[in-house]
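The values are calculated or read from the model by the stated rules, or taken from the named source; none is laboratory data. Just so it is clear, the structure is predicted and the values come from calculations on it, not from any experiment. As a convention, Cβ positions derive from the backbone with ideal geometry for all residues, glycine included, and neighbour counts pool all protein chains shown.
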Amino acid sequence: MKTRNIASFVLALGLAIVFVSCKKEKDEPKTPTGTLLNYTSMKTTVFDRIDILVDGKVAGSITKPYGIVKPKCGAANSDYAAAIVLPVGTHKVSALQFKDGKQVDKWSERTETITADQCTPANWVD
């Protein structure tokens, strides 16, 4: 009798585990995002890297000017553009200019408002 009760208990417990583990997890709501598209038209004689800081942290870099055609929204990250995906809302943005591995200048912090599924261009110029 004990063996039968234990077997029934184990079977019931096993079924409960299967049903719980097979239960479809709720889809977590996605945080809406937008893109901050960073680029520069400065000549390479004055920079070899621009670090883009978002909310105090380096979020991307540019190592070449965009040339004749400036990057368009939807551009992939490259030497010419840093497309930074950010949560919707207001962010503090600044940049650091480097030449020969040394910081030579910086841009003052400014506020950028990111809108869902939109692109906000940011041209870093002197």
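Things worth noting here:
- Residues of region 23-66 that turn out to be over 14 Å from Asp126 (Cα atoms) and either of a type in the set (A, V, I, L, M) or free of Cβ contacts under 8 Å to residues at least 12 places away in the same chain (or both), as a count: 17
- Scanning region 55-100 for residues being over 13 Å from the mean Cα position of the chain (by Cα), of a type in the set (Gly, Ala, Ser), modelled with pLDDT under 95 and closer than 19 Å to Thr33 by Cα gives a total of 2.
- The single residue among Val69, Val85, Val125, Val93 that is assigned to a loop (DSSP other than H, G, I, E, B) and either among the basic types (Lys, Arg) or touching a residue at least 24 places away in the same chain (Cβ under 8 Å) (or both) turns out to be Val125.
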